[in-house]
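Values quoted throughout were computed directly from the atomic coordinates according to the rules given, and no laboratory measurement underlies them. Worth saying up front: this structure is predicted, and the values here are computed from it rather than measured. Reconstructed Cβ throughout: ideal geometry from the backbone, glycine too, with neighbour counts over all protein chains shown.
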Amino acid sequence: MAVAWDGSRVAARAVSDAWPFLTRAKAISVLCVTDEKALPHGDVGKRLADYLGKHDGNATVSNIVTAGRPIAEALQLHALSAGAGLMVMGGFGHSRMRDFVLGGATSGILRDLRMPAFISH
């Protein structure tokens, strides 16, 4: 299982909503895209992995650099290469205007779905 994590409110909500799945996962990969936007803390992924570990989750952190690819593609390719069968992510965390102008990870995932995704808002 993979969790797309940026420390935002919508990402935290997604983790909470997906909790029944996360507690049953054999391994969880916390995916943090580091070159798309400033993350609230440098260790935001480690903090989630530590929290999941306190609840018997086997979590590791992967910091992802998109290298010019769309964020949705980078997340899904990394999740698939890590062997994840489901990606948990917060959805539509930006204003509609920002998503319309710049695009967003949620829209990108829905346009090019490569794996099962649990999207929560």
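Details
- Value of relative contact order over the chain, rounded to a whole percent, pairs C-alpha under 8 Å and six or more apart: 34 percent
- Counted charge near Asp43, where neighbours are those whose Cβ lies closer than 14 Å (Asp, Glu -1; Lys, Arg +1): 0
- Per-residue ellipticity at 222 nm from helix content only, as computed over the chain with -39500 (n - 2.57) for each DSSP H run of at least four residues, stands at -11000 deg cm²/dmol.
- For the chain, the longest site-free run once trypsin sites (Lys or Arg not before Pro) in DSSP loop states with at most 11 other Cβ atoms within 10 Å are removed: 38-121
- Charges were assigned to the Cβ only: +1 to each Lys and Arg, -1 to each Asp and Glu. The resulting dipole of the chain about its Cα centre is roughly 160 debye.
- Rounded tilt (10° steps) of 44-54 against the dominant C-alpha axis of the chain: 30 degrees
- Calculated Cα extents along the principal axes in Å (choose from (i) 54, 26, 22; (ii) 51, 27, 26; (iii) 41, 29, 26), label: (iii)
- Site pair Ser16 and Asp50 shows an inter-label distance of 2.1 nm when each label is modelled 7 Å from Cα along Cα→Cβ.
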